[in-house]
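Asker: Take this structure first; my questions come after.
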Amino acid sequence: MPLVMIDTIRGRYDETELRTIMDAVQDAVVEAFGVPETDRYQILTQHEPFELVALDTGLGIERSERLVIVRLASKQRTQDAKVQLYRLLAENLNDRVGVEGNDLVVSITENGDADWSFGHGTAQFLSGELG
C-alpha cells in the first residue's frame, strides 16, 4: 500500500519503458514512505492523446506528449515524506526513462485504516492483520 495509478499517453512509451516507469515509481514510494518492496499495488493506464490533458496551472510549465501522471491513494504521510516522494519520482523517472520534470504530475489522496481491504472481505488494518 499505497495504491498507485500511473497515466500516460498511448504510444509514447514502449513496453520496456512502461515497466521501467512502474519500477521507478515503486522505488520512490519504498524509499520515501518506508513501505516494504513487496507492498506493490500499481495500475498503469494509457490514454489516447485527446483523453489526457494537463495544462500548466499558470506556472508556465510546458508539457510534452511524454507526460506521466502519478496518483496515489495512501494512508496519511508526513509532509517531508511527500516532498521526498516528489523529488525521488522526478529523479528516478528522469534518470531511467528520460521523463523531464515538466512532464511529471503527482497527486496524493489520503485515507484511513477503514478504507483498505487487501482481500477476503476483511479490513486488515482494523483487524490487526496489518500494522
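The values are calculated or read from the model by the stated rules, or taken from the named source; none is laboratory data. Keep in mind that what you see is a predicted model, and the values were worked out from it rather than measured. With ideal geometry, Cβ positions are generated from the backbone for all residues, glycine too; neighbour counts draw on all protein chains shown. Ligands, DNA and RNA are stripped out before the accessible areas are found, and what is left, the full protein with its side chains, is counted by its heavy atoms. Shrake-Rupley method; radii C 1.70, N 1.55, O 1.52, S 1.80 Å.
Asker: Filtering segment 70-86 down to residues that are assigned to a helix (DSSP H, G or I) and farther than 22 Å from Leu52 by Cβ, which residue is most open to solvent (accessible area, probe 1.4 Å)?
Answerer: Of everything passing the filter in segment 70-86, Gln79 is most open to solvent (accessible area, probe 1.4 Å).
Asker: What are the pairs with Cβ atoms under 6 angstrom where one residue, in segment 94-110, is over 16 Å from Met22 (Cβ atoms) and of a type in the set (Gly, Ala, Ser) and the other, located anywhere, is part of a strand (DSSP E or B) and modelled with pLDDT of 95 or more? Sequence gap at least six, or different chains.
Answerer: Ser107/Arg71
Asker: Consider segment 96-130. How many of its residues are open to solvent by 80 Å² or more (accessible area, probe 1.4 Å), touching a helix residue (DSSP H, G or I) at 6+ places or on another chain (Cβ under 8 Å) and either small (Gly, Ala, Ser) or more than 24 Å from Thr78 (Cα to Cα) (or both)?
Answerer: Residues meeting the conditions: 2.
Asker: Looking at this structure, is Leu89 open to solvent by less than 30 Å² (accessible area, probe 1.4 Å) and either among the hydrophobic types (A, V, I, L, M, F, W, C) or over 15 Å from the mean Cα position of the chain (by Cα) (or both)?
Answerer: The answer is yes for Leu89.
Asker: For Leu126, indicate whether it is assigned to a helix (DSSP H, G or I), over 15 Å from Pro2 (Cα atoms) and at pLDDT below 95.
Answerer: yes
Asker: Could you list all residues from segment 25-55 that are open to solvent by 50 Å² or more (accessible area, probe 1.4 Å) and in a loop (DSSP other than H, G, I, E, B)?
Answerer: Within segment 25-55, Gly34, Pro36, Glu37, Thr38, Arg40, Glu48, Val53, Leu55 qualify.
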